[in-house]
Amino acid sequence: MSRRAMEQTRRITDSFPRRLRRRGPGRPPGRLKDKKDKKEKDKEQDKVQVKVRDCSCSPSQRPPDPALLEMLRRFDLSWEYGPCTGITRLQRWERAQELGLSPPGPIRDALLEHRDNPDVTYSLWHEYEL
């Protein structure tokens, strides 16, 4: 192979048209993002904190115990009681009971006690449908 042929080796990117990046209005060359000042960062951080504080339970309810949520998470991850997508935890527990799979009784008690709390009622994958 000649030296000239080696220098002109085609690359896969050669088949795509080249496009120049356009700068946004007021954006100086060489800077991709505008740096945010301290006030803007504080506002964004406050928004994030508000989102974290927002709880799916009503203000009169206290958030569920972390140990309870861990027990429910283990129930969700336990495939011996069947799939949990698209149904509530209580529906899954009742289905497992009907099939004779002996789901844990404390799970049902917790689900009935916290029936109106979505964090307890719905499994990790409740939004997925079969």
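The values are calculated or read from the model by the stated rules, or taken from the named source; none is laboratory data. Just so you know, these numbers come straight off a predicted model, no measurement behind them. Every residue, glycine among them, receives a Cβ derived from its backbone with ideal geometry; neighbour counts consider all protein chains shown. Only protein heavy atoms, including side chains, enter the accessible area calculation; ligands, DNA and RNA are left aside. Shrake-Rupley method; radii C 1.70, N 1.55, O 1.52, S 1.80 Å.
Remarks
- Only one of the numbered conditions (1) at pLDDT 70 or above; (2) open to solvent by 80 Å² or more (accessible area, probe 1.4 Å); (3) outside any helix (DSSP H, G or I) is violated by Arg73, and that is (3).
- Scanning segment 77-103 for residues that are of a type in the set (S, T, N, Q), without any contact (Cβ under 8 Å) to a residue 24 or more places away in the chain and under 15 Å from Thr121 (Cβ atoms) returns a single hit, Gln91.
- Odd one out for Cys57, checked against (1) modelled with pLDDT under 65; (2) outside any loop (DSSP other than H, G, I, E, B); (3) touching a helix residue (DSSP H, G or I) at 6+ places or on another chain (Cβ under 7 Å): (2)
- Residues located in segment 95-130, provided they are part of a helix (DSSP H, G or I), over 15 Å from Leu69 (Cβ atoms) and open to solvent by less than 80 Å² (accessible area, probe 1.4 Å): Arg95, Ala96, Gly105, Leu112
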